[in-house]
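Some notes on the structure that comes next.
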Amino acid sequence: QVQLVESGGGLVQAVGSLRLSCAASGSTFSRKSIGWYRQVPGKQRELVAVVDSDGSTNYTDSVKGRFTISRDNAKNTVYLQMNSLKPTDTAVYYCNSLLRSASTWIALNYWGQGTQVTVSS
C-alpha cells in the first residue's frame with residue numbers, strides 16, 4: 001500500500017499561484033494513478049486532477065487551464081501547480097492513489113491530513 005503526505009498549501013491572494021506536493025512511500029508508486037482532491041466544510045470531497053502511470057492527465061472542468069498535475073517517479077512525488085487561483089479554490093487538498101472503475105475513480109488509501117489552501121479576494 002502507498003502512503004501519501006501532502007504539503008505546500010498556504011494563504012495566497014487571488015490570481016496568485018501555489019504548488020502542492022504529494023510525497024509517497026512504496027516501491028510501486030510509479031505504477032499508480034494518483035489524484036488530487038479538495039474538500040470544503042459541508043461538501044463532498046471533489047476529485048480535481050489525475051495523473052496516470054503513463055503520465056496522462058485529467059482535470060475537472062473548473063480547474064482546466066489553471067492547474068497542472070505532474071509526477072516525478074524518481075522522487076516518488078506528485079505535484080499540483082495551481083495558477084490563477086480564485087477564492088472558490090479555497091479548500092483542504094488531499095492526494096490519494098486511485099483505481100479506475102468503469103467511468104469513475106476509487107481512492108485506495110486512508111486519507112491523510114491534507115494541506116489547506118486559502119485564496120483571498
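With a simple spin-label model that places each label point 7 Å from the Cα along the Cα-to-Cβ direction, the separation between Ser70 and Asn83 comes to 1.1 nm. Using Cβ point charges alone (K and R +1, D and E -1), the dipole size of the chain about the Cα centre works out to roughly 20 debye. All Cα-Cα distances of segment 1-54, cut into 10 Å bins from zero to the largest, leave 19, 45, 29, 7 percent in each bin in turn.
In segment 1-106, the portion of solvent-accessible area held by carbon and sulfur atoms comes to 47 percent [1.4 Å probe, whole percent, DNA, RNA and ligands not counted]. Along its first, second and third principal axes, ordered by size, segment 51-121 spans 37, 30, 26 Å in Cα coordinates. Model label sites at Leu11 and Arg45, defined 7 Å from Cα along the beta-carbon direction, differ in position by 2.7 nm.
Close amide H contacts of Asn109 (hydrogens built in the peptide plane, cut-off under 5 Å, sequence separation of 5 or more or a different chain): Ser97. Measuring nothing but how far apart in sequence close Cα pairs (under 8 Å, 6+ apart) lie, relative to its length, the chain scores a relative contact order of 35 percent. A probe of 1.4 angstrom, applied to the heavy atoms of all protein chains, finds Lys32 with accessible area near 60 square angstrom.
The values are calculated or read from the model by the stated rules, or taken from the named source; none is laboratory data. The shown structure was predicted, so the numbers you read here are calculated from the model rather than taken from an experiment. As a convention, Cβ positions derive from the backbone with ideal geometry for all residues, glycine included, and neighbour counts pool all protein chains shown. Note: accessible area is taken over every heavy atom of the protein model, side chains too, but ligands, DNA and RNA are not part of it. Shrake-Rupley method; radii C 1.70, N 1.55, O 1.52, S 1.80 Å.
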